[in-house]
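Worksheet: the structure to be examined is printed underneath.
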Amino acid sequence: MLIVISYPTAVRDEATIINALFDDGLEIFHMRKPDTDVDELRKLLEKINPTYHHRIALHQHHEIAADYGIKRWHFTEVNRNKINEEALIQLKMANHILSTSIHQVEAFKGLPLSFDYTFFGPVLNSISKQGYISSLPADFIFPVEVNHPTLVALGGIDATTIHQVKLMQFKAIAVLGAIWQKPDESIQQFKAVQKAWMQTGR
């Protein structure tokens, strides 16, 4: 699974780029806009081809998800701690696909099983966040257990570092900085990451 996460603030021609990413085979797009109000988020969603709305995960403003046929909901660590397991189960019964984020290995075992997958990072030094440094050893392998959410590696991932993530035995990756650092090159960078990921056999 290859996921692209949005840039946290507005990007020129953003909807055009997102549509092009989907056209080129992007599986899942995470819409993470922590400081964007609901009206601005609606404007962006309405510029994205409705055919792709079911492949978008919302990090904020879950209340508008149904208006766009979006059933992928992401919960930050803070929001995850505010919702009880019964509410998560109700969402799963309504066919929602749920994701969250963790930053410590120890947090993995305690995740509610209602989550389908979780981001974990930074696995490498972040491209988009200066000073967001990985503390993982070079030979790190995540101690995955069965019947737990799928782990998605995040942080410092581009076409040149895919092999390092593969050695860590992650089954999925998420990219942000590699795609949005130079918006004019977003599609080329995505294709490079996509090719490198497919070559790992994932």
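The values are calculated or read from the model by the stated rules, or taken from the named source; none is laboratory data. In this text, all values refer to a predicted model and were calculated from it rather than measured experimentally. Reconstructed Cβ throughout: ideal geometry from the backbone, glycine too, with neighbour counts over all protein chains shown.
Could you list, in sequence order, the residues of segment 21-34 that are assigned to a helix (DSSP H, G or I) and within 23 Å of residue 155 (Cα to Cα)?
Matches in segment 21-34: 21, 22.
Does residue 152 satisfy being touching a helix residue (DSSP H, G or I) at 6+ places or on another chain (Cβ under 6 Å), of a type outside the set (Ser, Thr, Tyr), at pLDDT 90 or above and within 20 Å of residue 6 (Cβ to Cβ)? Break it down into steps so the answer makes sense when it comes.
Values: touching a helix residue (DSSP H, G or I) at 6+ places or on another chain (Cβ under 6 Å): no; of a type outside the set (Ser, Thr, Tyr): yes; at pLDDT 90 or above: yes; within 20 Å of residue 6 (Cβ to Cβ): yes.
Against the criterion (touching a helix residue (DSSP H, G or I) at 6+ places or on another chain (Cβ under 6 Å), of a type outside the set (Ser, Thr, Tyr), at pLDDT 90 or above and within 20 Å of residue 6 (Cβ to Cβ)), residue 152 does not qualify.
So which residues in segment 1-32 are charged (D, E, K, R), within 26 Å of residue 200 (Cβ to Cβ) and surrounded by 14 or more Cβ atoms within 10 Å (Cβ to Cβ), if there are any at all?
Correct list: 32 only.
Give the residues of segment 33-53 that are basic (Lys, Arg) and surrounded by 18 or more Cβ atoms within 10 Å (Cβ to Cβ), sorted by residue number.
33
Scan segment 161-177 for residues that are over 13 Å from the mean Cα position of the chain (by Cα) and part of a helix (DSSP H, G or I) and jot them down.
162, 163, 164, 165, 166, 167, listed by residue number.
Can you list the helices (runs of 4 or more DSSP H) lying wholly within segment 35-101 that have 3 or more residues being among the hydrophobic types (A, V, I, L, M, F, W, C)?
38-45, 85-93
Can you tell me which residues in segment 58-93 are closer than 19 Å to residue 3 by Cβ, among the hydrophobic types (A, V, I, L, M, F, W, C) and out of contact with any Phe, Trp or Tyr (no Cβ under 7 Å at 6 or more places or on another chain)?
Result: 70, 73, 75.
Of these, 5, 64, 83, 28, which one is touching a strand residue (DSSP E or B) at 6+ places or on another chain (Cβ under 9 Å), modelled with pLDDT under 95 and not polar (S, T, N, Q)?
Exactly one residue qualifies, and that residue is 83.
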